[in-house]
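**Student:** Submitted below is the structure of interest, expressed as structure tokens.
The values are calculated or read from the model by the stated rules, or taken from the named source; none is laboratory data. Quick caveat, the model's predicted, so the values are computed rather than measured. We place every Cβ from the backbone using ideal geometry, glycine too, and count neighbours over all the protein chains shown. Just the protein is used for accessible areas: all its heavy atoms, side chains included, with ligands, DNA and RNA removed. Shrake-Rupley method; radii C 1.70, N 1.55, O 1.52, S 1.80 Å.
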Amino acid sequence: MKSLDSLNPVQKEAVLNTDGPVMILAGAGSGKTKTLVTRITYLLDAKNVSPHQLLALTFSNKAAKEMRERISHEVAMDIGSLQITTFHAFCAKLLRSEANYLGLSRNFTIYDEGESKAIAKSLLERRGISTKEINPYEILAYIDGLKNNGYYPGRDMPGGDGPETTDMFFGYFEEYESELHRANALDFGGLITAVIQLFEKFPEVASRYQNRYVYVLVDEYQDTNRAQFELIKILCEKRRNICVVGDEDQSIYSWRGADIRNILDFEKVFPDVKVLKLEQNYRSSKTIIEAASCVIEKNTLRKGKHMWTENPEGDAIDVVECFNDKDEAEFIAQETARLYKAGTPYKEMAVFYRSNAQARQIEDALRKYKIQYRVIGGVKFYERKEIKDMLSYLRLVINSKDSLALSRIINVPARGVGATSLRKLEVEAMNNNTSLWDIIEKIVDHSADYTHIKLSAKIKSSLSEFVTLINELRHLDQNKIKPSTIYEKVLHESGYYAFLKANKDYETLARLENLDELLNAITQFEESAEVPTLSGFLETITLDSSSDFDEAAKLIDGEISLMTVHGAKGLEFTHAFVVGAEENVFPSYRSVDGGEIAMEEERRLFYVAMTRAMIKLYITFAQGRMLFGQVKFNGPSRFIDEIPEKLFTWKKLKGHQEDRYDHSFTPGYQKNFDPYDQSQESHYDNEEVVYQIKETASAPLKSFHQPKFPKGASVVHSLYGAGKVEDSEGSGADEKVQIKFADGARKKFMVKFAPIVLA
């Protein structure tokens, strides 16, 4: 085989060791895919294995398609029966043949998230529980956790890892599974657990597939959850020809079920495993590889690879200290423009951030300099659903005739005004040649007879609350109240923030961060505008977002890629910027509070970011960053401190001057500074800004002053009547309360605007 000649000795060994369990630990940029493709080709060509007897599992249809195409070019045979597929697609296909064993027909339905949510809601309704008390997504997250762990109803879990059957949510799980079964359906996670159940309850079926698949290969093994591991273990029980390829140093998806123990404990399950380490990196310079290795070696949950490369030494890493996050974004825009002018196409550059919310400043700066960019694995900041929702509220405050904005948010969060009711209102507005808002306002204040529009009392009540809120906001705007204050009132009193906060999933946390970043955008607009108004802010972002770019240049030179580090895995760029390298940003505040295991995953994420760069790596941080509407002084990330000083150049940005760097500056941070010890100070050498005691990024520090409306207090609201304070947060101008009213409704208010008094 000619393809063997292009492999290094360890890669070749990984190809030729075909029998028995093999674990290939493939470091970043080490030619993992090439090795895996060559191994499959070798099995088909040299070992004469039938395509029917080989199973290769990966995590995306795109990866499976690319691998199949590369193999088809290498072998001179029909590989139509070769299964290179995803875990879920494999299980779905298998169950179509064997579903009758589980009491399902072959035409069973696979439920998506929306359909699963509908079942969860119906389970709550049967118990008379409001979705405000228990969010359906809480139930689904619990169920997903069980299935990621390999649990199905009645399974005796190995090691006693089964659920607590006395848990309230366990009852929901059992009912949920019964509902699925009655509907002849499975959900996404249930595809894996159903096959495990099938194999465990019907050994003859398991034996059939164990005999068929002589060789099983798993790509991106570090991303597997326990259920997928259990499935692999059963499939390979008889032949034991299992080859897993992965990198524990790139295990960054625990939030969606990936379990690093699958790599760390592989040798316990397969004691005769052959472990091979692909440690030669073909992607990055020696400087980048040495720096990334020094960072990741601080982790203890790893097998102990040491990456090396024969590539040139390369430039030192630039650690760039910026005054604030706006200067950081300006630096990125100016530096990418400089690189482009020097001959680097935009498509060879990438900006990596820890959370999507950080993209907003960078997008603004790139648009300002008319630089082409694209957001990978997401949408541009002002095009995200939650941002467009809140901007629609603000647009309606400015212009009540904006029916498009009104239609978007009249039922967001849900107020019972569904599509049918909205259509009735829109038809009435057209018939009367007036705006949708005018019709709603007249229905609410009974200024005209609209009894022919059949709306329930509940919907009319919801519309009344909605109109009251918008009118209050309009009054604030007319009285020149700051746009940021109006935004906060919208966010909390519309119920939007509480609606999102009730969900605990990773995506919702990102949405909340985006809403905080919108507050930052409004606050920064206020600081720069002579007379900051809500209409001024909306006009600014509309004009900025519609900037014209040179489409011809985009086709020739591509676009700069913007993405989270999670979205960067598997990609490579000649020039990469890792932004926001600060404590409580990267590492995130959740990992800082989450213990050593969480911090190790965060370090792996930083390692992934570093190893995307081929030629030049920039790591930037800001002295002060706007977070949650306030400037936070976090200090540089601990991960910067883990890079040997000989491998980077510390450059301090000098405001808006032609020479942006103070080249004489050396880092002056105290290495052992404890930001929570008030007896210490942290400062820069020759720097006027003295760092204040650090706050956690999860929320502003609470005042020691007593709240005006403490928890348990009886209150009266001028619109909603009597109620009791269920929760109180903050004090003074920042005090927020959640009140439960006599009719059972729960609402959250900013005290400084709410018409409430103590009863």
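**Student:** Could you give the angle, 0 to 90 degrees to the nearest 10, between helix 436-445's Cα long axis and the longest principal axis of the Cα atoms of the chain?
**Tutor:** Approximately 50 degrees, to the nearest ten.
**Student:** While we're on this one: Cβ neighbours within 10 Å, averaged per peptide: list 710-718, 386-394, 400-408 in order, most packed at the top.
**Tutor:** Highest-to-lowest ranking by the protection proxy: 386-394, 400-408, 710-718.
**Student:** Enumerate the aspartates and glutamates that Lys238 could reach by cross-link, defined here as Cα to Cα under 16 Å, with residues fewer than 8 away along the same chain left out.
**Tutor:** Counting by Cα, and skipping residues close in sequence, Lys238 has these aspartates and glutamates nearby: Asp19, Glu200, Glu204, Glu230, Asp272.
**Student:** Further question: Using a 1.4 angstrom probe, figure out how much accessible area the chain has per residue, in square angstrom, rounded to the nearest whole.
**Tutor:** Computed with neighbouring chains in place, this is 44 Å² per residue.
**Student:** Same structure, new question: Mind checking the angle between helix 32-45 and the chain's longest principal axis? C-alpha axes, 0 to 90 degrees, to the nearest 10.
**Tutor:** 40 degrees
**Student:** Right, next: Give me the compactness ratio for the chain, meaning the Cα radius of gyration over 2.2 N^0.38 Å.
**Tutor:** That works out to 1.06 for the chain.
**Student:** Starting from 0.36 nm per residue, how many nanometres of slack lie between His446 and Glu539 once their C-alpha separation is accounted for?
**Tutor:** Gain on extension, His446 to Glu539, equals 30.0 nm.
**Student:** Arrange the peptides 344-351, 740-747, 123-130, 609-616 so that the one whose residues have, on average, the most other Cβ atoms within 10 Å appears first.
**Tutor:** So the order, starting with the most tightly packed, is 609-616, 344-351, 740-747, 123-130.
**Student:** Kirkwood hydrodynamic radius, segment 423-507, all distinct C-alpha pairs: what's the number in Å?
**Tutor:** So the Kirkwood estimate lands at 14.9 Å.
**Student:** Expressed as a whole number of Å, what is the distance separating the alpha-carbon centroids of segment 233-259 and segment 12-71?
**Tutor:** 14 Å
**Student:** Then there is this: Ignoring ligands and nucleic acids, what accessible area does Asp45 show with a 1.4 Å probe (Å², nearest 10)?
**Tutor:** 60 Å²
**Student:** Turning to a different aspect of this structure: Just want the answer: with Cβ charges of +1 for Lys and Arg and -1 for Asp and Glu, which residue in Phe628, Ala598, Tyr618 is farthest toward the dipole's positive end in segment 593-636?
**Tutor:** Tyr618
**Student:** Continuing with this model, one more query. Seen from all sides and averaged, what is the projected area of the convex hull of the Cα atoms in segment 484-543, in nm²?
**Tutor:** If you wrap the Cα atoms of segment 484-543 in a convex hull and average its projections, you get 4.4 nm².
**Student:** For Lys454, give me every one of the aspartates and glutamates with a C-alpha distance below 18 angstrom, ignoring sequence neighbours fewer than eight places off in its own chain.
**Tutor:** Glu426, Glu428, Asp438, Glu441, Asp445
**Student:** Where the accessible area of the chain is counted over protein heavy atoms with a 1.4 Å probe, how much of it, in %, is carbon and sulfur?
**Tutor:** Carbon and sulfur: 49 percent of the exposed surface of the chain.
**Student:** Continuing with the same structure: When DSSP beta bridges are limited to those with both residues in the chain, what percentage is antiparallel, rounded to the nearest 5?
**Tutor:** Antiparallel: roughly 35 percent of the beta bridges in the chain.
**Student:** Please state the charge dipole magnitude for segment 73-144, taken about the Cα centre, from unit charges on C-beta atoms (+1 on K and R, -1 on D and E), reported in debye and rounded to the nearest 20.
**Tutor:** Using only the charged Cβ atoms, the result is roughly 360 debye.
**Student:** Output the peptides 752-758, 231-237 sorted from most to least packed, where packing is the average of other Cβ atoms within 10 Å over each peptide's residues.
**Tutor:** Packing proxy ranking, top to bottom: 231-237, 752-758.
**Student:** Convex hull over the Cα atoms of segment 246-333, averaged projected area in nm²?
**Tutor:** For segment 246-333, the mean projected area of the Cα convex hull comes to 8.7 nm².
**Student:** Next question. Once the dipole of segment 188-298 is set up with Lys and Arg at +1 and Asp and Glu at -1 on Cβ about the Cα centre, which of Cys236, Ser293, Leu278 lies farthest towards its positive end?
**Tutor:** Cys236
**Student:** So what's the gap between the Cα centers of segment 267-302 and segment 159-206, to the nearest angstrom?
**Tutor:** Centre-to-centre (Cα) distance: 36 Å.
**Student:** Next up: Can you work out the Karplus-derived ³J(HN,Hα) for every residue in segment 629-643? Use 6.51 cos²θ - 1.76 cosθ + 1.60 with θ = phi - 60°, whole Hz, and x for glycine or proline.
**Tutor:** Using θ = phi - 60°, the values come out as x, 10, 7, 10, 10, 8, x, x, 4, 4, 5, 5, 5, 8, 8 Hz.
**Student:** Still on this model: Treating only the Cβ of Lys, Arg, Asp and Glu as charged (+1, +1, -1, -1), what charge dipole size does segment 271-394 show about its Cα centre? Round to the nearest 20 debye.
**Tutor:** The dipole of segment 271-394 has a size of about 540 debye.
**Student:** Would you mind working out the magnitude of the charge dipole of the chain relative to its Cα centre, with +1 at each Lys and Arg C-beta and -1 at each Asp and Glu C-beta, to the nearest 20 Debye?
**Tutor:** In total the dipole reaches around 1880 debye.
**Student:** Name the residue from Ser105, Gly27, Leu57 whose Cα lies farthest towards the positive end of the charge dipole of segment 1-156, charges +1 on Cβ of Lys and Arg and -1 on Cβ of Asp and Glu.
**Tutor:** Working it through, the farthest residue towards the positive pole turns out to be Ser105.
**Student:** Another question, then. Where does helix 483-493 land angle-wise versus the long Cα axis of the chain, in degrees 0 to 90, nearest 10?
**Tutor:** It is inclined by approximately 80 degrees.
**Student:** OK, next. How many angstrom separate the Cα center of segment 304-344 from the Cα center of segment 376-441?
**Tutor:** 43 Å
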